[in-house]
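No lab work stands behind these numbers, since they all come straight from the coordinates. This one's a predicted model, so the numbers in the text were calculated from it and none came from an experiment. All Cβ positions, even for glycine, are placed from backbone atoms using ideal geometry, and neighbour counts span all protein chains on display.
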Amino acid sequence: MNTDQVLFDAVGPKARRRVAILTIASILLTLGLLALAYEQFYQSGQLAPSKWAEFRQSSTWSYLLKAFGNTALAALGAGAIALPMGLVLAVGRLSATKLVRWPCTAVIELLRSVPLLLIIYIFVSALPPYGINPDVFWKLVIPIGLCSGATIAEVFRAGILALPKGQTEAALSLGLTPTQAFRMVVFPQAVRIVLPALIAQVVILLKDTTLGYVVSYGELQQSGKVLVASTGHLVQTYLIITVIYIGMNIVISNAASAIDNRMARRRAGVAGPVPQDATERQLSTIA
């Protein structure tokens with residue numbers, strides 16, 4: 001029995017038929033919208049070869065490749081802040097010690113309440129007069145990491161609370177310390193439960209890098225804006241950038257699925273099949 005079977009009821013024939021109908025309708029609607037967009041672009045001349053001449057030059061792709069690298073670097077930097085920060089805050093908020101739980105709760109609620117753009121403006125305008133003036137890269141990455149970390153903390157906390165208390169109690173009864181029980185029993189299961197939510201948050205984190213225009217950081221969105229100003233090809237530029245973002249999100253989703261499958265295989269390998277002689281002994285004991 002897998003996690004989905006534990007958390008959700010099995011889908012019946014009517015529900016499967018309804019899901020199939022809605023899936024087909026959604027696909028047809030998407031194809032219709034794409035066909036309509038193609039027709040509009042074609043009629044307005046946006047698909048003419050002359051409009052795409054700029055993207056047949058290696059210099060344009062070199063420029064976009066550098067912007068892609070900046071976007072990926074900002075997302076990785078923010079993720080490196082958000083994931084460990086989220087885990088620490090989640091564990092702190094679940095702590096039985098008030099001096100730990102209350103500050104962690106306050107930090108989470110504060111960062112979840114304040115808009116990301118406002119935090120970026122604080123790093124851009126409010127902190128430099130006090131001698132805190134990090135590089136442009138960090139003026140974007142730190143605010144994204146802080147806001148995402150608060151959200152990821154709640155994701156981790158939900159996953160931990162979703163596990164039965166018996167998991168921890170059983171681990172402690174085997175002689176594990178609370179830290180060992182969390183690291184070896186609770187945390188791996190919680191990650192598997194919240195993996196879809198973590199993927200969604202990583203995608204949001206990636207899209208948050210588009211706020212780099214505020215600090216003039218050369219990510220994809222900002223670089224596309226500069227490219228449009230120099231070429232005048234707005235539709236073509238942002239279509240290319242959209243495709244790049246879609247590709248990045250597909251890579252993130254596939255990577256997360258690969259990690260999930262690897263974790264599942266590792267658990268299956270650790271548990272292993274029940275030996276035949278052990279099964280026979282259990283049956284004979286019951287008999």
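Computed values, structure above
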{"read-out": "Whole-Hz ³J(HN,Hα) from phi, Karplus 6.51 cos²θ - 1.76 cosθ + 1.60, for segment 84-99, glycine and proline x", "value": "x, 4, x, 5, 5, 5, 5, 5, x, 5, 8, 5, 7, 8, 5, 5"}
{"read-out": "Reference-scaled alpha-carbon Rg (2.2 N^0.38 Å with N residues) for segment 64-269", "value": "1.19"}
{"read-out": "Interatomic Cα distance distribution for segment 144-262, bins of 5 angstrom, percent", "value": "2, 10, 14, 15, 15, 11, 10, 7, 6, 4, 3, 2, 1, 0"}
{"read-out": "Neighbour-count ranking [beta-carbon atoms within 10 angstrom, fewest first] of 63, 38, 130, 217", "value": "130, 38, 63, 217"}
{"read-out": "Global form of segment 194-250, assessed from the alpha-carbon gyration tensor, a/c cut-off 1.5", "value": "oblate"}
{"read-out": "Dipole magnitude of the chain about its Cα centre (Cβ charges: Lys, Arg +1; Asp, Glu -1), debye to nearest 20", "value": "320 debye"}
{"read-out": "Ranked list, fewest to most other Cβ atoms within 10 Å of each Cβ, for 208, 135", "value": "135, 208"}
{"read-out": "Pairs of lysines in the chain (C-alpha under 30 Å apart; 8 or more residues apart or interchain)", "value": "10"}
